[in-house]
1. Hey, if you put +1 on the Cβ of every Lys and Arg and -1 on every Asp and Glu Cβ in the chain, which of S337, G148, S58 ends up farthest toward the positive end of that dipole?
2. So for the pair M390, R357, with labels modelled 7 Å out along Cα→Cβ, what separation do we get in nm?
3. For the charge dipole of segment 32-287, defined by +1 on Lys and Arg C-beta atoms and -1 on Asp and Glu C-beta atoms about the Cα centroid, which residue among Y235, H220, T107 has the Cα displaced farthest towards the positive pole?
4. Rg/Rh for segment 342-413: what does it come to with C-alpha atoms and Rh from Kirkwood?
5. Report, in listed order, any pair from K35/K211; K211/K242; K35/K392; K50/K83 with a Cα-Cα distance greater than 24 Å.
6. Keeping every protein chain in place, order S369, S308 by accessible area at 1.4 Å, biggest value first, i.e. largest first.
7. Compare H284, H59 by solvent-accessible area with a 1.4 Å probe and give them largest first, with all protein chains kept in place.
8. Sort out for me the Cα centre separation of segment 39-67 from segment 143-172, rounded to whole Å.
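The values are calculated or read from the model by the stated rules, or taken from the named source; none is laboratory data. Not measured: the values here are computed from a predicted model. Every residue, glycine as well, gets a Cβ built from its backbone with ideal geometry; the counts of neighbours run over all protein chains shown. Keep in mind that these areas ignore ligands, DNA and RNA; they rest on the heavy atoms of the full protein, side chains included. Shrake-Rupley method; radii C 1.70, N 1.55, O 1.52, S 1.80 Å.
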Amino acid sequence: MSGLVDQAEAPDPLAAMAKARSNAFKDGLAPDTGKPGFAVYLHWPFCAAKCPYCDFNSHVRHEGIDQQAYIDAFRAEIAAMRKLSGPQVVTSIFFGGGTPSLMHPETVAAILDAVHETWVVPEGIEITLEANPSSVEAGRFRGYRAAGVNRVSMGVQALNDRDLKRLGRLHDRAEALRAIGLARDIFPRMSFDLIYARPDQTPHAWEAELKEAISLAADHLSLYQLTIEEGTPFYGLHKAGKLIVPDGDLSAELYELTQSVCEAHGLPAYEVSNHARPGAESRHNLTYWRYGDYAGIGPGAHGRLTTSAGKIATATERTPETWLTSVADRGHGMSESEVLGTSEQADELLLMGLRLREGVDLGRWQALSGHRLDAERVEFLIDHGMIETMGKDRIRCTPQGMLVLDAVVADLAT
Ligand code: SF4
(Lines give C-alpha, C1' and ligand atoms only; values in the text may rest on other atoms or scores of the structure.)
Protein backbone atom coordinates (compact mmCIF):
# COMPACT_ATOMS: atom_id res chain seq x y z
CA MET A 1 0.00 0.00 0.00
CA SER A 2 1.47 3.32 -1.00
CA GLY A 3 2.36 5.74 1.81
CA LEU A 4 3.26 2.99 4.27
CA VAL A 5 6.84 2.01 5.03
CA ASP A 6 7.50 -1.68 5.40
CA GLN A 7 9.14 -1.93 8.86
CA ALA A 8 11.25 -4.89 7.76
CA GLU A 9 12.76 -2.74 5.00
CA ALA A 10 13.11 0.50 7.00
CA PRO A 11 16.75 1.37 7.67
CA ASP A 12 17.63 1.00 11.34
CA PRO A 13 20.25 3.63 12.19
CA LEU A 14 21.47 1.76 15.29
CA ALA A 15 21.90 -1.48 13.31
CA ALA A 16 23.82 0.36 10.59
CA MET A 17 26.07 1.98 13.21
CA ALA A 18 26.58 -1.37 14.93
CA LYS A 19 27.66 -2.98 11.65
CA ALA A 20 30.14 -0.18 10.99
CA ARG A 21 31.57 -0.47 14.49
CA SER A 22 31.98 -4.22 14.37
CA ASN A 23 34.49 -3.59 11.56
CA ALA A 24 36.54 -1.23 13.75
CA PHE A 25 39.65 -3.41 14.05
CA LYS A 26 39.67 -4.74 10.50
CA ASP A 27 39.88 -1.15 9.26
CA GLY A 28 42.56 0.04 11.71
CA LEU A 29 42.08 3.11 13.86
CA ALA A 30 39.47 5.52 12.47
CA PRO A 31 40.53 9.16 12.42
CA ASP A 32 39.01 11.59 14.93
CA THR A 33 35.68 12.63 13.42
CA GLY A 34 34.38 14.54 16.42
CA LYS A 35 32.01 11.63 17.20
CA PRO A 36 34.17 9.37 19.37
CA GLY A 37 31.48 6.85 20.30
CA PHE A 38 29.88 5.52 23.45
CA ALA A 39 31.98 3.59 25.95
CA VAL A 40 30.94 1.66 29.05
CA TYR A 41 33.22 1.74 32.10
CA LEU A 42 32.63 -0.70 34.98
CA HIS A 43 34.55 -0.13 38.21
CA TRP A 44 35.43 -3.07 40.46
CA PRO A 45 36.64 -1.33 43.63
CA PHE A 46 38.45 -4.11 45.48
CA CYS A 47 42.13 -5.06 45.73
CA ALA A 48 43.91 -7.84 47.60
CA ALA A 49 46.16 -5.22 49.25
CA LYS A 50 46.65 -1.48 48.91
CA CYS A 51 49.81 -0.43 47.04
CA PRO A 52 51.61 2.37 48.91
CA TYR A 53 51.61 4.78 45.93
CA CYS A 54 47.97 4.28 44.92
CA ASP A 55 45.26 6.90 45.30
CA PHE A 56 42.65 5.11 43.16
CA ASN A 57 39.26 4.19 44.55
CA SER A 58 40.32 0.76 45.76
CA HIS A 59 39.42 -1.02 48.98
CA VAL A 60 40.60 -4.14 50.76
CA ARG A 61 37.93 -6.38 52.32
CA HIS A 62 39.49 -9.33 54.13
CA GLU A 63 36.07 -10.68 55.05
CA GLY A 64 35.32 -11.50 51.39
CA ILE A 65 32.89 -10.01 48.90
CA ASP A 66 29.37 -11.11 48.04
CA GLN A 67 29.80 -11.02 44.26
CA GLN A 68 26.12 -11.80 43.60
CA ALA A 69 25.13 -8.64 45.49
CA TYR A 70 27.45 -6.63 43.21
CA ILE A 71 26.09 -8.32 40.07
CA ASP A 72 22.56 -7.30 41.10
CA ALA A 73 23.68 -3.74 41.83
CA PHE A 74 25.65 -3.42 38.56
CA ARG A 75 22.53 -4.62 36.69
CA ALA A 76 20.39 -1.98 38.40
CA GLU A 77 22.86 0.84 37.77
CA ILE A 78 23.32 -0.16 34.12
CA ALA A 79 19.52 0.17 33.72
CA ALA A 80 19.63 3.59 35.42
CA MET A 81 22.39 4.76 33.05
CA ARG A 82 20.33 3.58 30.07
CA LYS A 83 17.56 5.95 31.15
CA LEU A 84 20.04 8.83 30.91
CA SER A 85 21.91 7.76 27.79
CA GLY A 86 18.97 6.56 25.68
CA PRO A 87 19.58 3.87 23.05
CA GLN A 88 23.24 3.64 22.09
CA VAL A 89 25.65 1.52 20.11
CA VAL A 90 28.52 0.66 22.45
CA THR A 91 32.02 1.16 21.05
CA SER A 92 34.03 -0.36 23.94
CA ILE A 93 33.64 -1.87 27.40
CA PHE A 94 36.26 -1.63 30.14
CA PHE A 95 36.45 -3.33 33.53
CA GLY A 96 38.75 -1.13 35.63
CA GLY A 97 39.57 -0.87 39.29
CA GLY A 98 40.65 -1.70 41.83
CA THR A 99 41.47 -5.17 40.62
CA PRO A 100 38.84 -6.62 38.26
CA SER A 101 40.84 -9.85 38.06
CA LEU A 102 39.51 -10.56 41.56
CA MET A 103 36.05 -10.97 39.96
CA HIS A 104 34.84 -14.46 39.25
CA PRO A 105 34.56 -15.03 35.49
CA GLU A 106 30.83 -15.69 36.10
CA THR A 107 30.53 -12.19 37.57
CA VAL A 108 32.18 -10.68 34.48
CA ALA A 109 29.89 -12.74 32.22
CA ALA A 110 26.75 -11.67 34.11
CA ILE A 111 27.67 -7.97 33.94
CA LEU A 112 28.50 -8.25 30.23
CA ASP A 113 25.11 -9.92 29.68
CA ALA A 114 23.46 -6.94 31.33
CA VAL A 115 25.34 -4.52 29.04
CA HIS A 116 24.25 -6.57 26.00
CA GLU A 117 20.63 -6.53 27.15
CA THR A 118 20.72 -2.76 27.66
CA TRP A 119 22.48 -1.26 24.65
CA VAL A 120 23.47 -2.51 21.19
CA VAL A 121 26.87 -4.21 21.48
CA PRO A 122 28.38 -4.98 18.07
CA GLU A 123 30.32 -8.20 17.76
CA GLY A 124 34.06 -7.82 18.12
CA ILE A 125 34.21 -4.45 19.91
CA GLU A 126 37.06 -3.98 22.38
CA ILE A 127 36.26 -5.47 25.81
CA THR A 128 39.14 -4.90 28.23
CA LEU A 129 39.70 -6.15 31.76
CA GLU A 130 42.45 -4.86 34.03
CA ALA A 131 44.32 -7.69 35.70
CA ASN A 132 47.13 -8.24 38.13
CA PRO A 133 49.72 -10.90 37.28
CA SER A 134 49.55 -12.98 40.46
CA SER A 135 49.19 -16.67 39.60
CA VAL A 136 45.72 -16.96 41.15
CA GLU A 137 44.43 -14.13 39.00
CA ALA A 138 46.15 -15.35 35.82
CA GLY A 139 44.41 -18.69 36.48
CA ARG A 140 41.10 -16.95 35.67
CA PHE A 141 42.21 -15.63 32.26
CA ARG A 142 40.53 -18.44 30.28
CA GLY A 143 37.28 -17.81 32.14
CA TYR A 144 37.40 -14.09 31.26
CA ARG A 145 38.05 -14.92 27.63
CA ALA A 146 35.06 -17.30 27.61
CA ALA A 147 32.96 -14.50 29.14
CA GLY A 148 33.76 -12.26 26.15
CA VAL A 149 36.82 -10.27 27.27
CA ASN A 150 39.14 -9.81 24.26
CA ARG A 151 41.80 -7.53 25.71
CA VAL A 152 43.62 -7.60 29.02
CA SER A 153 45.57 -4.74 30.56
CA MET A 154 47.99 -5.95 33.20
CA GLY A 155 49.53 -4.06 36.11
CA VAL A 156 53.07 -5.45 35.82
CA GLN A 157 54.72 -2.17 37.01
CA ALA A 158 58.33 -3.43 37.17
CA LEU A 159 60.37 -6.34 35.85
CA ASN A 160 62.64 -6.84 38.86
CA ASP A 161 61.84 -8.25 42.26
CA ARG A 162 63.48 -5.47 44.26
CA ASP A 163 61.29 -2.76 42.73
CA LEU A 164 58.15 -4.88 42.76
CA LYS A 165 58.65 -5.29 46.48
CA ARG A 166 59.30 -1.59 47.01
CA LEU A 167 56.12 -0.76 45.09
CA GLY A 168 54.22 -3.10 47.40
CA ARG A 169 53.16 -5.40 44.59
CA LEU A 170 51.97 -8.91 45.43
CA HIS A 171 53.55 -10.61 42.38
CA ASP A 172 57.19 -11.23 41.53
CA ARG A 173 59.06 -11.12 38.22
CA ALA A 174 58.52 -14.81 37.51
CA GLU A 175 54.75 -14.46 37.95
CA ALA A 176 54.73 -11.35 35.76
CA LEU A 177 56.53 -13.18 32.94
CA ARG A 178 54.19 -16.17 33.21
CA ALA A 179 51.10 -13.96 33.20
CA ILE A 180 52.33 -12.00 30.16
CA GLY A 181 52.90 -15.26 28.26
CA LEU A 182 49.50 -16.61 29.26
CA ALA A 183 47.72 -13.38 28.34
CA ARG A 184 49.40 -13.35 24.92
CA ASP A 185 48.22 -16.92 24.32
CA ILE A 186 44.65 -16.40 25.48
CA PHE A 187 43.61 -12.87 24.46
CA PRO A 188 43.68 -11.43 20.94
CA ARG A 189 44.98 -8.16 22.40
CA MET A 190 46.93 -7.36 25.54
CA SER A 191 48.81 -4.52 27.16
CA PHE A 192 50.77 -4.09 30.34
CA ASP A 193 51.72 -1.15 32.54
CA LEU A 194 55.11 -0.23 33.92
CA ILE A 195 55.91 2.54 36.39
CA TYR A 196 59.17 4.42 35.89
CA ALA A 197 61.03 7.27 37.62
CA ARG A 198 61.23 4.92 40.59
CA PRO A 199 63.56 5.45 43.57
CA ASP A 200 67.21 4.87 42.55
CA GLN A 201 66.31 4.21 38.92
CA THR A 202 69.03 5.22 36.48
CA PRO A 203 68.43 5.93 32.76
CA HIS A 204 70.67 2.97 31.95
CA ALA A 205 68.64 0.55 34.09
CA TRP A 206 65.32 1.90 32.76
CA GLU A 207 66.48 1.60 29.17
CA ALA A 208 67.36 -2.08 29.66
CA GLU A 209 64.06 -2.78 31.44
CA LEU A 210 62.05 -0.94 28.80
CA LYS A 211 63.71 -2.87 25.99
CA GLU A 212 62.90 -6.11 27.76
CA ALA A 213 59.29 -4.95 28.17
CA ILE A 214 59.06 -4.17 24.45
CA SER A 215 60.37 -7.64 23.65
CA LEU A 216 57.62 -9.13 25.84
CA ALA A 217 54.81 -6.82 24.75
CA ALA A 218 52.27 -7.59 22.07
CA ASP A 219 51.37 -4.22 20.61
CA HIS A 220 50.55 -1.86 23.47
CA LEU A 221 52.33 -0.58 26.60
CA SER A 222 51.27 1.96 29.23
CA LEU A 223 54.28 3.66 30.82
CA TYR A 224 53.57 5.92 33.78
CA GLN A 225 55.92 8.06 35.83
CA LEU A 226 55.71 7.40 39.55
CA THR A 227 53.85 10.31 41.12
CA ILE A 228 53.68 10.93 44.83
CA GLU A 229 50.01 11.41 45.65
CA GLU A 230 48.81 13.10 48.82
CA GLY A 231 47.24 10.75 51.34
CA THR A 232 49.28 7.70 50.29
CA PRO A 233 51.99 6.00 52.42
CA PHE A 234 54.55 7.09 49.79
CA TYR A 235 53.53 10.71 50.39
CA GLY A 236 54.38 10.45 54.10
CA LEU A 237 57.68 8.69 53.41
CA HIS A 238 58.60 11.22 50.74
CA LYS A 239 57.81 14.15 53.02
CA ALA A 240 59.93 12.61 55.78
CA GLY A 241 62.86 12.25 53.35
CA LYS A 242 62.70 8.45 53.47
CA LEU A 243 61.66 7.99 49.84
CA ILE A 244 63.78 9.79 47.27
CA VAL A 245 62.40 9.89 43.74
CA PRO A 246 64.13 11.28 40.63
CA ASP A 247 64.13 15.09 40.49
CA GLY A 248 62.58 17.09 37.65
CA ASP A 249 65.62 16.91 35.35
CA LEU A 250 66.10 13.18 35.78
CA SER A 251 62.36 12.57 35.34
CA ALA A 252 62.42 14.57 32.10
CA GLU A 253 65.43 12.56 30.91
CA LEU A 254 63.62 9.30 31.70
CA TYR A 255 60.51 10.54 29.87
CA GLU A 256 62.50 11.49 26.78
CA LEU A 257 64.32 8.17 26.87
CA THR A 258 60.97 6.38 27.05
CA GLN A 259 59.74 8.23 23.97
CA SER A 260 62.84 7.59 21.90
CA VAL A 261 63.22 3.88 22.78
CA CYS A 262 59.52 3.15 22.14
CA GLU A 263 59.51 5.15 18.92
CA ALA A 264 62.59 3.31 17.67
CA HIS A 265 60.89 -0.03 18.36
CA GLY A 266 57.64 0.77 16.55
CA LEU A 267 55.58 1.66 19.63
CA PRO A 268 55.23 5.44 19.41
CA ALA A 269 53.26 7.33 22.04
CA TYR A 270 49.71 8.05 20.89
CA GLU A 271 48.97 9.59 24.29
CA VAL A 272 51.27 11.03 26.92
CA SER A 273 51.74 7.65 28.68
CA ASN A 274 50.40 5.16 26.14
CA HIS A 275 52.31 3.51 23.32
CA ALA A 276 51.02 1.26 20.57
CA ARG A 277 51.78 -0.17 17.20
CA PRO A 278 49.58 1.77 14.75
CA GLY A 279 46.08 0.27 14.90
CA ALA A 280 46.51 -1.25 18.39
CA GLU A 281 45.53 1.89 20.34
CA SER A 282 43.03 1.40 23.16
CA ARG A 283 39.65 2.32 21.65
CA HIS A 284 38.20 2.74 25.11
CA ASN A 285 40.72 5.24 26.38
CA LEU A 286 40.61 7.10 23.07
CA THR A 287 36.91 7.71 23.73
CA TYR A 288 37.88 9.63 26.88
CA TRP A 289 40.66 11.55 25.21
CA ARG A 290 38.58 12.35 22.13
CA TYR A 291 35.92 13.54 24.56
CA GLY A 292 33.21 11.05 23.73
CA ASP A 293 30.42 9.83 25.98
CA TYR A 294 30.88 7.08 28.52
CA ALA A 295 28.66 5.51 31.15
CA GLY A 296 30.58 5.14 34.43
CA ILE A 297 29.10 2.31 36.49
CA GLY A 298 30.12 0.91 39.88
CA PRO A 299 31.53 2.51 43.05
CA GLY A 300 33.49 5.71 42.38
CA ALA A 301 32.98 5.64 38.59
CA HIS A 302 32.80 8.86 36.59
CA GLY A 303 30.81 9.32 33.38
CA ARG A 304 29.97 11.83 30.66
CA LEU A 305 26.62 11.41 28.95
CA THR A 306 24.77 13.48 26.40
CA THR A 307 21.17 13.79 27.59
CA SER A 308 18.16 15.92 26.66
CA ALA A 309 19.40 18.43 29.26
CA GLY A 310 22.87 18.62 27.68
CA LYS A 311 26.16 16.89 28.44
CA ILE A 312 26.24 15.71 32.04
CA ALA A 313 29.09 14.67 34.33
CA THR A 314 28.19 11.81 36.65
CA ALA A 315 29.98 10.35 39.67
CA THR A 316 28.91 7.54 41.96
CA GLU A 317 29.44 6.86 45.66
CA ARG A 318 33.06 5.84 46.26
CA THR A 319 32.65 3.50 49.23
CA PRO A 320 31.45 0.12 47.95
CA GLU A 321 28.98 -0.51 50.77
CA THR A 322 27.50 3.02 50.50
CA TRP A 323 27.15 2.51 46.75
CA LEU A 324 25.39 -0.85 47.30
CA THR A 325 22.94 0.72 49.75
CA SER A 326 22.28 3.62 47.43
CA VAL A 327 21.58 1.28 44.50
CA ALA A 328 19.24 -0.78 46.69
CA ASP A 329 17.37 2.36 47.84
CA ARG A 330 17.31 4.46 44.66
CA GLY A 331 18.22 2.12 41.78
CA HIS A 332 21.61 3.82 41.27
CA GLY A 333 24.63 4.96 43.25
CA MET A 334 25.02 8.36 41.61
CA SER A 335 26.11 11.07 44.03
CA GLU A 336 26.66 13.74 41.34
CA SER A 337 24.94 14.49 38.07
CA GLU A 338 25.77 17.95 36.81
CA VAL A 339 25.01 19.59 33.47
CA LEU A 340 28.25 20.92 31.98
CA GLY A 341 28.23 24.37 30.39
CA THR A 342 29.72 24.64 26.91
CA SER A 343 32.83 26.47 28.14
CA GLU A 344 33.46 23.68 30.69
CA GLN A 345 33.08 21.16 27.87
CA ALA A 346 35.54 23.16 25.77
CA ASP A 347 38.07 23.07 28.64
CA GLU A 348 37.60 19.33 29.07
CA LEU A 349 37.98 18.74 25.33
CA LEU A 350 41.29 20.63 25.42
CA LEU A 351 42.50 18.91 28.59
CA MET A 352 41.81 15.49 27.11
CA GLY A 353 42.76 16.15 23.49
CA LEU A 354 46.15 17.70 24.18
CA ARG A 355 47.20 14.39 25.73
CA LEU A 356 47.00 12.86 22.26
CA ARG A 357 49.59 12.88 19.52
CA GLU A 358 46.75 13.52 17.05
CA GLY A 359 45.91 16.69 19.02
CA VAL A 360 42.63 18.59 19.23
CA ASP A 361 40.14 19.63 16.56
CA LEU A 362 40.01 23.44 16.79
CA GLY A 363 36.64 23.66 15.02
CA ARG A 364 35.06 21.45 17.68
CA TRP A 365 36.69 23.50 20.44
CA GLN A 366 35.49 26.76 18.91
CA ALA A 367 31.94 25.44 18.48
CA LEU A 368 31.85 24.68 22.21
CA SER A 369 33.66 27.73 23.56
CA GLY A 370 32.04 30.21 21.16
CA HIS A 371 35.35 31.88 20.31
CA ARG A 372 38.78 31.30 18.86
CA LEU A 373 41.86 30.42 20.89
CA ASP A 374 43.72 33.50 22.07
CA ALA A 375 46.12 34.15 19.17
CA GLU A 376 48.78 35.72 21.43
CA ARG A 377 48.83 32.76 23.80
CA VAL A 378 48.98 30.33 20.91
CA GLU A 379 51.89 32.24 19.36
CA PHE A 380 53.71 32.37 22.68
CA LEU A 381 53.37 28.61 23.19
CA ILE A 382 54.43 27.89 19.60
CA ASP A 383 57.46 30.20 19.96
CA HIS A 384 58.47 28.37 23.13
CA GLY A 385 58.16 24.97 21.46
CA MET A 386 55.21 23.81 23.60
CA ILE A 387 52.54 23.33 20.94
CA GLU A 388 52.39 23.05 17.16
CA THR A 389 49.67 23.40 14.58
CA MET A 390 48.66 20.53 12.30
CA GLY A 391 47.23 22.22 9.22
CA LYS A 392 44.59 24.86 9.90
CA ASP A 393 42.32 22.66 11.96
CA ARG A 394 44.27 21.02 14.77
CA ILE A 395 46.86 21.78 17.42
CA ARG A 396 48.88 19.42 19.55
CA CYS A 397 51.54 19.47 22.24
CA THR A 398 55.13 18.98 21.19
CA PRO A 399 57.08 16.32 23.14
CA GLN A 400 58.48 19.20 25.22
CA GLY A 401 54.96 20.53 25.82
CA MET A 402 53.81 17.08 26.97
CA LEU A 403 56.27 17.36 29.85
CA VAL A 404 54.36 20.39 31.18
CA LEU A 405 50.95 19.46 29.84
CA ASP A 406 48.93 20.89 32.75
CA ALA A 407 50.58 24.27 32.39
CA VAL A 408 49.95 24.31 28.62
CA VAL A 409 46.28 23.45 29.12
CA ALA A 410 45.91 26.08 31.85
CA ASP A 411 47.40 28.67 29.51
CA LEU A 412 45.05 27.86 26.63
CA ALA A 413 41.80 27.09 28.48
CA THR A 414 38.81 29.42 28.18
S1 SF4 B 1 46.45 -3.09 42.61
FE2 SF4 B 1 46.16 -1.17 41.43
S3 SF4 B 1 44.25 -0.25 42.17
FE4 SF4 B 1 44.87 -1.85 43.65
S5 SF4 B 1 45.99 -0.73 45.21
FE6 SF4 B 1 47.51 -1.47 43.75
S7 SF4 B 1 47.74 0.19 42.25
FE8 SF4 B 1 45.87 0.60 43.42
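1. Farthest towards the positive end: G148.
2. That separation, rounded to one decimal, is 1.0 nm.
3. Sorting the options by dipole projection puts first T107.
4. Values: Rg = 10.8 Å, Rh = 11.8 Å.
So for segment 342-413, dividing Rg by the Kirkwood Rh gives 0.91.
5. On the way: K35/K211 36 Å; K211/K242 30 Å; K35/K392 20 Å; K50/K83 35 Å.
Checking Cα-Cα distances, K35/K211; K211/K242; K50/K83 exceed 24 Å.
6. Numbers: S369 20, S308 135 Å².
Accessible-area ranking of S369, S308, largest first: S308, S369.
7. Working: H284 0, H59 35 Å².
Highest to lowest solvent-accessible surface, that is H59, H284.
8. Centre-to-centre (Cα) distance: 14 Å.
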